[in-house]
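Student: Next up is a structure, given as structure tokens.
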Amino acid sequence: MDPGADEKRRAFEKEAVPHLDTVYRVALRLAGDQTQAEDLAQDTMLKAYGAWHQYQRGTNVRAWLLTILRHTFINQYRRDKQRGNTVDVTEYEKFTVFHEVQEVDPEGRFFDQIVDEEVLRAIDSLPEEFRECLVLSDMADLSYAEIAEVVNVPVGTVKSRLFRARQALQRELYEYAVEAGYIKRSVR
């Protein structure tokens with residue numbers, strides 16, 4: 001056996017494999033289907049292993065893996081979905097309803113408390129550009145700069161997409177949050 005191949009395998013197992021759960025969780029939110037997410041995560045890890053010689057040691061391996069995941073998703077799965085090419089931004093800029101949460105919770109930590117099927121359904125209903133940034137931020141815990149690197153957009157675009165995604169979720173989940181007792185109904 002080639003000693004270089006053995007070293008490559010050990011390095012990959014040590015640095016990349018621990019992020020497999022994150023890769024799968026992000027794949028599940030991107031693909032929206034468990035079987036496709038499993039295939040997507042597997043394809044991502046195979047591609048990463050094949051390109052391991054291109055990974056620069058000491059850099060952010062998680063962001064590198066999620067970049068491969070994103071490209072794999074775009075190339076293999078996006079064309080299978082029938083999604084619109086444009087997003088009506090004005091629809092997602094309407095007045096937000098969680099004033100009490102918005103002031104103390106600008107980074108969206110509120111949603112960490114109530115992630116269940118209803119929340120996941122609402123996340124899945126977001127336009128792809130918004131959902132992708134939200135998942136990378138709130139589920140994969142990437143910084144704005146890391147998200148910008150993964151999706152290949154400026155940091156300002158990431159912040160804008162996150163803001164709009166969170167506004168849309170607030171509108172979508174308002175009644176659910178009131179009924180579940182997470183917040184009190186606001187007077188409009």
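The values are calculated or read from the model by the stated rules, or taken from the named source; none is laboratory data. Quick caveat, the model's predicted, so the values are computed rather than measured. Because the Cβ atoms are built from the backbone with ideal geometry, glycine has one as well, and the counts that use them run over all protein chains shown. Side chains are part of the model used for accessible areas, which takes the heavy atoms of the whole protein and leaves out ligands, DNA and RNA. Shrake-Rupley method; radii C 1.70, N 1.55, O 1.52, S 1.80 Å.
Student: Name the residues in the stretch 1-41 that are surrounded by 11 or more Cβ atoms within 10 Å (Cβ to Cβ) and more than 26 Å from P127 (Cα to Cα), would you?
Tutor: Scanning the stretch 1-41 gives K8, R9, A11, F12, E13, E15, A16, V17, P18.
Student: Among residues belonging to the stretch 1-43 that are acidic (D, E) and farther than 21 Å from T59 by Cα, point out the one that is modelled with the lowest pLDDT.
Tutor: Restricting to residues being acidic (D, E) and farther than 21 Å from T59 by Cα, the top hit is D2.
Student: Out of all the residues in the stretch 116-131, which are within 17 Å of H71 (Cα to Cα) and either touching a strand residue (DSSP E or B) at 6+ places or on another chain (Cβ under 6 Å) or at pLDDT below 90 (or both)?
Tutor: Of everything in the stretch 116-131, just one residue is within 17 Å of H71 (Cα to Cα) and either touching a strand residue (DSSP E or B) at 6+ places or on another chain (Cβ under 6 Å) or at pLDDT below 90 (or both), namely E128.
Student: Now a separate question. Taking only the stretch 153-188 into account, find how many residues are open to solvent by 20 Å² or more (accessible area, probe 1.4 Å), in contact (Cβ under 8 Å) with a residue 60 or more places away in the chain and touching a Cys at 6+ places or on another chain (Cβ under 7 Å).
Tutor: 0
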